[in-house]
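The values are calculated or read from the model by the stated rules, or taken from the named source; none is laboratory data. Nothing here was measured: the structure is a model prediction, and the numbers come from that model. A quick note on method: Cβ atoms are made from the backbone with ideal geometry, for glycine too, and the neighbour counts reach across all protein chains shown.
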Amino acid sequence: MATDRGSMRDKMRRARRAAGTRKSTGSPRKGIRPAKKPTVGRRARPTKRANATQRKISQRPMPKPPARRKPIAHAGAATAAATSAVNEQLRATINQLHTKFDRLESDAQMSDIYSSIGDIDARLTELPFTLENLRDRGYVHAGELEDLLEALDDKWDEVRPRVDNALRNQVRRLDSEMDQTERQLNRLRVTNKSAVSSAETAVSNLERQIRGAKTAVSGLYDGIDTELYQIEYEFNQVKKMLDLLDGSQEIHMQEAEGPLLAVESEWHQDGEEGPKGYLFLTDQRLLFEQREEVVTKKRFGIFKTESEMVQKLHVDVSVHDIESVQHKEEGGFLGMGKDDIIEFVFAATASLSRARFHLKGQDSEEWAAMIKRVQTGDIDEDRADDYVDEMEAAEETAASFPENCPTCFADVPPQQRGVTSYECEFCATIITPDVPESGT
């Protein structure tokens, strides 16, 4: 991610924490109900901001590229054509200069810059709608995104007039430079080598000036454009993750559970091979679901004749049952083509003791870092404000399970956030939390 964006995002996170967002333990101790934190002031929904932005943009007319500059008549063209001693090499050079000048004349209109301005306006309007859709589908983290989009919109309001003014000045200056260069081109003769050389220099200088003008103007908004690109990329990754979860028949989010990461992967059950599918990380669990076409019948033991699509959830482990995580790179040649590997050791309470996955397309080190954030409760700091209350309610529910089974009196282990029922391992009684009635 871009450094500028990282610094802005870090500021957003620090501001949220300074405002008093509580750090969740992720697993409250038995019998201790989490303290209520002051109610978080509700922020305007992203679409409400987007509608306001849209109205503001509609009142601010889009700058349009200026009318094309009137060409200067070729005063010496006829003379050049009638010259008896024709220097074919110089003639070819002159033709190339005129062709290049025509292209530069189009570039000098800076239409790509005008398009970029309109594109930023459109993205600042569309992205809040996209974010709200992702929130509605269950993406509750990266709570600073609302503030980040609003900050970028405010920054664009500040920068936009400067961009418009710079555009007008640069186009006006380039028009003057174009006129001078065109006059120089129109005076060229195929018998004057020094004049042709001088014209080549003038056209090259004009090209540099146009490039410099574009850089000067785009430099005013490049930071905003980069930020928006990074946000769009993040939204696309989140959408892919949510689509994958929606495509599962076995994975269901628990109470107040929020998905974080998803990656195509292979579970190395037997050496370097195993089921292929997707590894998921939420703020409560690590899951692996096999999704692949498996050959069921071969001809001559070689050619596939029948196959079936296998989709099965193999791993469903609480993040707090992960005792250790090791990330590394394996294989490759000369530092290229290495495989990202992540290995887990689980607690005795988990359904398996170890697991090793090959991550395809994501960094195993980033996965290890995110798992640590979940285990320490740091990830809860990034939860969007609208979803903090449900998290606290889920923690309170988890802390409200009885200490003993009401049937056989066996100990009931502490429950993780999001668990709403527990089956006694001794008598199979379904145990639910002791949630107090309203008003008591």
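Residues in the stretch 226-266 that are without any contact (Cβ under 8 Å) to a residue 12 or more places away in the chain and either under 30 Å from residue 120 (Cβ atoms) or surrounded by 14 or more Cβ atoms within 10 Å (Cβ to Cβ) (or both): 229, 233, 236, 237, 243.
One residue stands out among those in the stretch 176-197 that are loosely packed, with under 15 Cβ neighbours inside 10 Å and modelled with pLDDT of 90 or more: the one that is farthest from residue 91 (Cα to Cα), which is 176.
Within the stretch 381-413, if we keep just the residues that are buried (at least 17 other Cβ atoms within 10 Å of the Cβ) and either of a type in the set (Val, Ile, Thr) or within 21 Å of residue 324 (Cα to Cα) (or both), the residue that is nearest to the chain's Cα centre (by Cα) turns out to be 388. Among the residues of the stretch 154-164, are any aliphatic (A, V, I, L, M) and farther than 30 Å from residue 284 by Cβ? Checked against the condition, which is being aliphatic (A, V, I, L, M) and farther than 30 Å from residue 284 by Cβ, the stretch 154-164 yields at least one hit.
Taken over the stretch 134-150, residues that are surrounded by 16 or more Cβ atoms within 10 Å (Cβ to Cβ) and not in a loop (DSSP other than H, G, I, E, B) amount to 9. Of note, residue 203 does not satisfy the criterion of being of a type in the set (A, V, I, L, M, F, W, C), assigned by TED's automatic domain parsing to the domain that holds residue 117 and within 29 Å of the chain's Cα centre (by Cα).
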